[in-house]
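Asks: Have a look at this one.
The values are calculated or read from the model by the stated rules, or taken from the named source; none is laboratory data. Since the structure is predicted, the reported quantities are computational estimates derived from the model, not experimental observations. Reconstructed Cβ throughout: ideal geometry from the backbone, glycine too, with neighbour counts over all protein chains shown.
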Amino acid sequence: MLLSSQTGAQSVQPTPLELPHGVTVVEEHVGTGKLVEDGDKITIQYKVRDSLDRELANSYKRGMAYTILVGSRNSDPLVSVALAGIHAGGIRTALIPSDVVPKGIGSIIPPKTDLHLWIYVIAAKAMDSPKVESTYAERTQGTVEVPRTLAHHGSART
């Protein structure tokens, strides 16, 4: 368990906050770092449990933090909702009712499962503009030279 002195956070009296779709967020510690906004690159630790307190996911057990771009189409919308208004160094729990994710999420979250999400924001950094990771995009912008043989779907044929 992280102590507020380890996270750079201030302890607060947990007060539930109702968000859209029935999601309830409880601020465990208020961070003193950057306010997380759409487009920020953040690094988090998280734990996901179901209503029977069974662990479904845990970044600590994997041994590595998770980095996402908040609000991007590749980030989980539930995480983005739970992160609204948090500061780096902050810790939150979010209670997500089963009707928000009625079909579950992949093989990790079964259908019709109430979720308890715990999030610790380790760091947040504003990104100037997300870069498209594409050889074609880089070539058209003139930022990278790609040999003609590699520009055709990775094939060495010309």
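Asks: Just a yes or no: is a residue in segment 46-64 surrounded by 16 or more Cβ atoms within 10 Å (Cβ to Cβ), modelled with pLDDT of 90 or more and among the basic types (Lys, Arg)?
Replies: Checked segment 46-64: at least one residue is surrounded by 16 or more Cβ atoms within 10 Å (Cβ to Cβ), modelled with pLDDT of 90 or more and among the basic types (Lys, Arg).
Asks: Could you tell me whether ALA156 is surrounded by 10 or more Cβ atoms within 10 Å (Cβ to Cβ) and either at pLDDT below 75 or acidic (Asp, Glu) (or both)? So that I can check it myself, show each step before the final result.
Replies: On the way: surrounded by 10 or more Cβ atoms within 10 Å (Cβ to Cβ): no; either at pLDDT below 75 or acidic (Asp, Glu) (or both): yes.
It is false that ALA156 is surrounded by 10 or more Cβ atoms within 10 Å (Cβ to Cβ) and either at pLDDT below 75 or acidic (Asp, Glu) (or both).
Asks: What pairs come out if I take residues in segment 15-29 that are in the same structural domain as LEU83 (by TED's automatic domain parsing) and pair them with residues that are aromatic (Phe, Trp, Tyr) whose C-beta lies under 9 Å away, six or more apart or interchain?
Replies: GLU28/TRP118; GLU28/TYR120; HIS29/TYR120
Asks: Out of all the residues in segment 77-99, is one or more assigned to a loop (DSSP other than H, G, I, E, B) and of a type in the set (Ser, Thr, Tyr)?
Replies: To start, the set of residues in segment 77-99 that are assigned to a loop (DSSP other than H, G, I, E, B) comprises 84-86, 88-90, 97.
From what's left, of a type in the set (Ser, Thr, Tyr): none.
Checked segment 77-99: no residue is assigned to a loop (DSSP other than H, G, I, E, B) and of a type in the set (Ser, Thr, Tyr).
Asks: Could I ask something else about it? Any idea which of (1) more than 13 Å from LEU117 (Cα to Cα); (2) of a type in the set (Ser, Thr, Tyr); (3) crowded, with 17+ Cβ neighbours inside 10 Å is the one THR32 doesn't satisfy?
Replies: Tallying (1) more than 13 Å from LEU117 (Cα to Cα); (2) of a type in the set (Ser, Thr, Tyr); (3) crowded, with 17+ Cβ neighbours inside 10 Å, THR32 fails exactly one: (3).
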